[in-house]
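Participant: Just passing along the structure, written as structure tokens.
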Amino acid sequence: QKEVEQDPGPLSVPEGAIVSLNCTYSNSAFQYFMWYRQYSRKGPELLMYTYSSGNKEDGRFTAQVDKSSKYISLFIRDSQPSDSATYLCAMRSFQKLVFGTGTRLLVSP
Amino acid sequence: GAVVSQHPSRVICKSGTSVKIECRSLDFQATTMFWYRQFPKKSLMLMATSNEGSKATYEQGVEKDKFLINHASLTLSTLTVTSAHPEDSSFYICSARGSAWGTDTQYFGPGTRLTVL
């Protein structure tokens with residue numbers, strides 16, 4: 001079993017839709033949870049960072065962590081074509097960051 | 001957010017030559033730097049972790065003599081691909097971690113696309 005599971009997609013939605021991206025994990029030692037966005041042929045860009053259960057909001061993005069279920073989510077409101085990218089969840093216990101496989105999101109105009 | 005730069009962004013070289021890729025943290029001191037490799041439509045594969053002034057720790061299956069990592073200062077790490085072969089062609093991404101903007105997390109460079117002919 002992988003430490004972090006993420007559906008690779010692609011996930012196709014129309015512009016304006018609410019997008020829900022999810023990851024599950026098996027290692028209860030993970031304390032820090034991140035979401036990165038990666039455009040094609042670019043490095044990952046940090047979107048959200050959290051270390052506790054609950055919700056964290058930043059503009060159109062909301063990160064949700066449920067440590068009891070070992071489940072994290074990223075919600076994107078009012079999705080835009082420019083949001084089309086691969087979204088990687090990542091989590092860390094002490095040193096090493098463990099990534100999900102990434103979900104490819106396509107937002108059509 | 002914190003900025004990590006990488007140079008060059010793209011390099012094409014002949015088989016057998018060596019290529020050096022630089023990674024710099026521009027506005028924070030990186031206590032730890034990481035080097036990743038990414039194949040098309042795949043997630044990032046950690047190659048090695050380095051702390052400033054000490055030897056890098058390589059992941060299983062990564063040849064330390066082929067992928068030389070130097071972390072000379074808190075803002076600079078280099079990856080040298082020695083005697084490159086076509087199978088080394090890939091997207092290499094560095095990442096730096098340090099206390100920046102109130103968080104202790106990793107920021108990534110823009111990546112270097114290496115093509116070995």
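Participant: Across bins of 10 angstrom width beginning at 0, how are the C-alpha pair distances of the protein assembly as shown distributed, in whole percent?
Facilitator: It works out to 8, 32, 35, 20, 5, 0, in whole percents.
Participant: After finding the eigenvalues of the alpha carbon gyration tensor for the range B:41-117, what semi-axes result from the square roots of 5 times each, listed largest first in whole Å?
Facilitator: 23, 15, 11
Participant: Quick one: among A:Asp58, A:Asp78, A:Asp66, which has the greatest mean-square fluctuation in a GNM of chain A with alpha-carbon springs under 10 angstrom?
Facilitator: A:Asp58
Participant: Could you work out, residue by residue across A:28-41, how many beta carbons of other chains sit within 10 Å of that residue's beta carbon, and then give the average as an integer?
Facilitator: 2
Participant: With no solvent and one equal point scatterer per Cα, compute the Debye intensity ratio I(q)/I(0) for the range A:28-82 at 0.27 Å⁻¹ and report its log10, rounded to two decimals.
Facilitator: -1.12
Participant: What is the Cα convex hull volume of chain A when expressed per residue in Å³?
Facilitator: Hull volume normalised by residue count: 95 Å³.
Participant: If you don't mind, another one. For the range B:7-90, state the average projected area of the convex hull of the C-alpha atoms over all orientations, rounded to one decimal in nm².
Facilitator: Mean orientational projected area (the range B:7-90, Cα hull): 5.8 nm².
Coordinate-derived values only; no laboratory data. Just so you know, these numbers come straight off a predicted model, no measurement behind them. Quick reminder, even Gly has a Cβ in these numbers, built from the backbone with ideal geometry, and neighbours come from all protein chains shown.
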